[in-house]
Amino acid sequence: TIGGSSRNNGLFFKEDGLKLYIADSKTQAIEEFNLSTAWDITTITFVHAFTVSGISSNPYGVFFRPDGRKMYVASRQDFARGIAEYDLGTPWDTSTASLFQKFIPSPGFNPEGVFFRDNGLKMYIAGSVSGDDSIYEYDLEA
């Protein structure tokens, strides 16, 4: 088990395979790890846990912009339900994250994952509405 939690919900690998991020709803954090060998989780080392409680409690999904300067966290619980967008002062370093804005999807929709198209013009959110799984697609402005 990575991170020592039984509630690792979502994960994201940096394109070069040397960083791994896990959305952990037990600790209400995005856990950051380094891998000394790309894509080999047996070489993993814990770096930092960025707490998202209060903003994104019960995080289920995490996504990073390709340059590592933005982190998006999908949360599905009560007041924190939605997609939180964080700026990273240092690319790929969650200890430098600060909340930029939050997107609240349709009422009753519980986000569990978020993904952006490479050009940043489409956002996809996976989740559930009244127990039914759904994927929503959003057009974004350039």
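Where a number appears in this text, it was derived from the coordinates with a stated rule and is not lab data. This one's a predicted model, so the numbers in the text were calculated from it and none came from an experiment. Every residue, glycine among them, receives a Cβ derived from its backbone with ideal geometry; neighbour counts consider all protein chains shown.
Taking the charge dipole of the chain about its Cα centre, with +1 at Lys and Arg Cβ atoms and -1 at Asp and Glu Cβ atoms, the residue from ILE55, ILE44, LEU121 reaching farthest to the positive side is ILE55. Couplings 3J(HN,Hα) of region 58-65, computed from phi: 6, x, 10, x, 9, 8, 10, 5 Hz, in residue order, whole Hz [Karplus 6.51 cos²θ - 1.76 cosθ + 1.60, θ = phi - 60°; x for Gly and Pro].
About its Cα centre, the chain has a charge dipole of approximately 240 debye under the convention of +1 per Lys or Arg Cβ and -1 per Asp or Glu Cβ, with nothing else charged. Partners of LYS19 within straight-line reach, counting lysines whose Cα lies under 23 Å from its Cα and excluding those fewer than 8 residues away in the same chain: LYS70.
As a rough guide to protection, the peptides 31-43, 84-96 ranked by mean Cβ packing within 10 Å, highest first, stand as 84-96, 31-43.
Using +1 on the beta carbon of Lys and Arg, -1 on that of Asp and Glu, and nothing else charged, what's the dipole of region 24-103 about the Cα centre, debye to 20? Kindly include the intermediate steps, with their values, before the conclusion.
Working: 7 positive and 9 negative charges, 59 e Å.
Computed charge dipole of region 24-103: roughly 280 debye.
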